[in-house]
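Quick note: the coordinates plus some simple rules give every number you see, no bench work behind them. Every value quoted in this text rests on a predicted model; they were computed, and no experiment measured them. Here the Cβ is made from the backbone with ideal geometry for all residues, glycine too, and neighbour counts use every protein chain on show.
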Amino acid sequence: MHSPSPRSLVDLPIRRLNRGDLVPCADLCEDRGWPRDEHRWGLLLSAGTGYGIDAPDGKGLAATCLTMPYGSEFTAVGMMLVAGRYARQGIARRLMRHVMETAGDTPLALYATEQGQPLYENLGFSPVGRAERVGGRFETIGSGGSGSTSPASSVLPSAASSVTTRPAAADDLQAMVRLDLPVFGTDRTHLLARLPAFADRLQVAEDHGDLVGYAALWPSGQAEVVGPLIARDTATAQALVAALAATTDRPLRADVDARHKELLGWLVERGLEPLSRTTVMTYGIPDLPGDAAHRFAPLTVATG
């Protein structure tokens, strides 16, 4: 079959994706060497808006992009994927221009790979931060066993002695939203409400009965991803990660805000290795809203 010229490729129609597109979206992830992640796509397409371009050869999708709205504060952009056979032919630029036009005056934010950053810079995005991806087997140093008590006490500094963690309960959602709002900078109840069904484990941290952090663990390929990770301080973030790690035998992965060097160093000490990095970029706002001091990791780089 004759391949369309670059001119015809950039003229292909863009359509809204739906849950019927989960398998083609997963196929495109696999085409680019990513985990298939049908589970994550299910969350993203239910809480956000997906855009796609059907492959002209009839084999699935040529490209995808996902937007996650957060009111008028900003919209997160992610899952920009182009099939390898259609790479470097203008499709990514076409999709991004469509997203920018659809967003209108709403600011945008995204996590850019090294390969994608030049495109976003050319479209007017500015770098405002960085995330460091780490992954590997979490080693519980000095653990005395795998009983039902929290593993955090055996691996954390004494500063965290007053912090306890437990599995989240249904009535924790309102407290999580109250904690999350000033940290993330805008209401994301539409995502947090989906976490119990999405995550393999949802853990909260308390200090004398007050909720001071929460984190989720969800599957991606052969690994489990830690995110979001919201915490009062580094010790609380460590307690949450240690508690989540104790619930799985699979490798962990996390995209940690590069400003949290202490947490990154602690994760490396416990067996995780640096894997890659992404650049946080914004369009229409000088920086992400919220309080980065307590925002340790996103739910996923597709949602912020």
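In sequence order, segment 88-101 has phi-based couplings of 6, 10, x, 5, 4, 4, 4, 5, 5, 4, 5, 4, 5, 5 Hz under the Karplus curve 6.51 cos²θ - 1.76 cosθ + 1.60, θ = phi - 60°, and Gly or Pro positions carry x.
Backbone phi angles across segment 257-269, fed through the Karplus curve with coefficients 6.51, -1.76 and 1.60 (θ = phi - 60°), yield HN-Hα couplings of 3, 4, 5, 8, 5, 5, 5, 4, x, 5, 5, 5, 4 Hz in residue order; Gly and Pro are listed as x. With the helix formula -39500 (n - 2.57) applied to DSSP H stretches of n ≥ 4, the chain reaches a computed 222 nm mean residue ellipticity of -8000 deg cm²/dmol. Amide hydrogen proximity for Phe138: with H placed 1.01 Å from N in the peptide plane, the residues at 5 or more positions away or on another chain lying under 5 Å are Leu252.
Result for the chain in a Gaussian network model with C-alpha springs under 10 Å: among Leu45, Leu17, Leu275, the largest mean-square fluctuation is at Leu275. For segment 133-275, the fraction of C-alpha pairs farther apart than 18 angstrom is 53 percent. Under 25 °C and 0.890 mPa s, how fast does the chain diffuse according to Stokes-Einstein, given a Kirkwood radius computed over C-alpha pairs? Answer in µm²/s, whole number. The calculation lands on 123 µm²/s. Each Lys or Arg adds one and each Asp or Glu takes one away; over the other residues whose Cβ falls under 14 Å from the Cβ of Phe138, this sums to 0.
Ranked highest first by average number of other Cβ atoms within 10 Å, how do 106-117, 169-180, 59-70 line up? Walk me through the intermediate numbers first.
On the way: 106-117: 18.5, 169-180: 14.6, 59-70: 21.8.
So the order, starting with the most tightly packed, is 59-70, 106-117, 169-180.
Once the chain from Arg166 to Asp287 is taken as fully extended at 0.36 nm per residue, the excess over their C-alpha distance is 40.2 nm. What the Cβ-Cβ distance of Asn122 and Thr247 gives, at R0 = 45 Å and to the nearest 0.05, is a FRET efficiency of 0.55.
FRET efficiency for Arg130 and Val23, Cβ-Cβ distance as r, R0 = 30 Å, nearest 0.05?
Values: r = 33 Å, r/R0 = 1.10.
That pair, Arg130 with Val23, gives E of 0.35.
Report relative contact order for the chain in percent, whole number only (criteria: Cα-Cα under 8 Å, sequence separation at least 6).
On the way: 609 pairs, mean separation 68.7, N = 304.
Reported relative contact order: 23 percent.
Amide H to amide H distances under 5 Å link Ala258 with Arg130, Ala131, Glu132, where only residues 5 or more positions off or on other chains count and H is placed in the peptide plane.
Distances between placed amide hydrogens fall under 5 Å for Leu275 paired with Arg133, Val134, Gly135, all partners being 5 or more residues away or on another chain.
Extension gain, Glu139 to His190: 0.36 nm times the residue separation minus the Cα-Cα distance gives 15.0 nm.
Just to confirm a number: summing +1 for Lys and Arg and -1 for Asp and Glu over residues other than Gly129 whose beta-carbon lies under 12 angstrom from that of Gly129, what do you get?
Working: positive: Arg130, Arg259, Arg277, Arg295; negative: Glu132, Asp255, Asp257, Asp287.
Net of charged neighbours comes to 0.
The Cβ shell under 15 Å around Asp210 holds other residues with a net charge of -3, Lys and Arg each +1, Asp and Glu each -1. For segment 34-42, backbone phi angles converted through the Karplus equation (6.51, -1.76, 1.60; θ = phi - 60°) give residue-by-residue couplings of 9, x, 5, 6, 4, 4, 5, 4, x Hz, Gly and Pro being listed as x. If I build a Gaussian network model for the chain, linking alpha-carbon pairs within less than 10 angstrom, which residue out of Ile91, Ile141, Ile285 has the largest mean-square fluctuation? Of the options given, Ile141 has the highest mean-square fluctuation. Over segment 6-106, the ratio between the Cα radius of gyration and 2.2 N^0.38 Å evaluates to 1.02.
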